[in-house]
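To keep things clear, I will list the structure first and then write my remarks on it.
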Amino acid sequence: MTEIIDNNTLMDLVIEKHNKFLGAFKSEFSELENKLETVKKQTDDLKKEIETNETKIIVLNEKYFLYFHQAKKQREDLFKEVIEKMQQARSPNVHEVTRLSARIEEHEKKLQNSRNIDDEEKSIVEVKKLLYDFETEARKAGISVTSKAIIDKLNEANESHKEFISIQNKPKQDMGTAKDFDKQAEELEGRHNWLKRRIESHTNALDYWKKQKGGIKVE
């Protein structure tokens, strides 16, 4: 037995079909849109971080050499002042201080060309020991001095170098992650755009059949 479906019932079925598609597509579209926004934000944040770290790397690379240079200049000025006082007082300790200065200078040359953090730290330890000996020799001559400012500058240089090492490869690593995010966003956008077109198509079709059912002639 064949069931005859009237026009209104047929249009109801067509409208129901479009509503069903719209419900499914809109649900996926909304979920996909949230994912896409999240991925784009992650990508933007990561690219900003890459840019920040690239700038930071340049600054840190210059910074620790600058600190070593400043420490050397402070040390030279301090030794010059003490040696002059010793010479005026005809102190026999002046020869030992001059010898200590030459030994420190050897380590300063290494630090100015520092690339290996372990060798650098060994040189800093040696310089600190020699500065302590310098202070001792100065006290023997009745001169009170402190090398704290020099040591602080050496420590700052070392910390800057360690920070430089800790992030020097990060931009390259993050760039790989950013490319993965871009690929993921591209895939999501493909599906997102397809859903958008389907939603528009079913919405237009739904409007058409609703008007037909309502007795509005649609050209």
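The values are calculated or read from the model by the stated rules, or taken from the named source; none is laboratory data. None of the values given here were measured: they were computed from a predicted structure. Note: areas computed on protein heavy atoms with side chains; ligands, DNA, RNA excluded. Shrake-Rupley method; radii C 1.70, N 1.55, O 1.52, S 1.80 Å.
Looking only at 208, 67, 132, which one moves most when the chain is put into a Gaussian network model with springs between Cα atoms under 10 Å? Looking only at 208, 67, 132, the largest GNM fluctuation is found for 208. Heavy atoms of the protein chains alone define the surface here; on that basis segment 12-215 has 63 Å² accessible area per residue at 1.4 Å probe size. Converting phi to 3J(HN,Hα) with the Karplus coefficients 6.51, -1.76 and 1.60 and the offset θ = phi - 60°, segment 146-163 yields 9, 9, 4, 4, 5, 5, 4, 5, 5, 5, 4, 4, 5, 5, 5, 5, 5, 5 Hz in sequence order, with x at every glycine or proline. Does anyone have the angle between helix 7-88 and the longest principal axis of the chain? Alpha-carbon axes, 0 to 90°, nearest 10? The angle comes out at about 10 degrees.
Axis of helix 94-112 versus longest Cα principal axis of the chain: the two differ by about 20°, to the nearest ten degrees.
Remark: accessible surface ordering of 175, 11, 86 (largest first) is 175, 11, 86, probe radius 1.4 Å.
For the chain, the relative contact order comes to 40 percent (Cα pairs under 8 Å, sequence separation of at least 6). Shape annotation for the chain: C-alpha extents along the principal axes are 128, 27, 24 Å, from largest to smallest. Principal-axis analysis of the Cα atoms of the chain puts helix 170-213 at an angle of about 20° to the longest axis. Given a 1.4 Å probe and every protein chain left where it sits, what share in percent of the accessible area of the chain is carbon and sulfur? Reported share for carbon and sulfur atoms: 50 percent.
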